[in-house]
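Okay, so here's the structure we're looking at.
The numbers here are math on the coordinates, done by the rules we state, and not lab data. This structure is a prediction, so every number in the text was calculated from the model and none was measured. Please note: Cβ atoms are built from the backbone with ideal geometry, for glycine as well, and neighbour counts cover all protein chains shown.
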Amino acid sequence: MSDSLDKIMYSFVVEDVLKGLFIYVPPGYVACVYDLGRGVLKKVLTPGLHLKIPFWQKAKLFNTQTLEYSINKKFNPENEQGLGDRPIVAQTLDGKQISIEGTVLLRLDINQVPTIWQNVGEDFVSKLCVQRFVAVCA
């Protein structure tokens, strides 16, 4: 009985502590670290292997590749991975209804990622880009 309990404890330590010690950042991404004592750290972790304090620090990956936000009729809102929206319907000064479609290409400035994460959140595309695109079209 105690032997099986030791194995369970050992597997917990290996799984949670040792794996929680490292942050692997793949190419095309950067990571920000949230520290329970200091909040979002200003240092941005570039691709590679980095150390962190298990249970005290949490890492969040951000895609730094060019993202495509499409606004068109074919957009499927049920696709959770898809970045986009349906066309924007607007009225011209002479009273005609028009449908605006387009594509917005965006990429994160890696030096601004901690500020974006802290002030805007993880879903920055829907909070910033969509609102600005709609405001320009309106």
Subject >> Contour excess over end-to-end distance, with Cα ends at Q97 and V120 and 0.36 nm allotted per residue >> reply: 5.0 nm
**OP:** Would you pull out the residues with amide H under 5 Å of I100's amide H, same chain only if 5 or more places away, H placed 1.01 Å from N?
**Re:** I88, V89, A90
Original post:
In nanometres, what is the gap between the two model label sites at S70 and I53, each 7 Å from Cα along Cα-to-Cβ?
Top reply: 4.5
**OP:** Rank the residues D94, D35, D123 as a footprinting-exposure proxy: fewest other Cβ atoms within 10 Å of their Cβ go first.
**Re:** D94, D123, D35
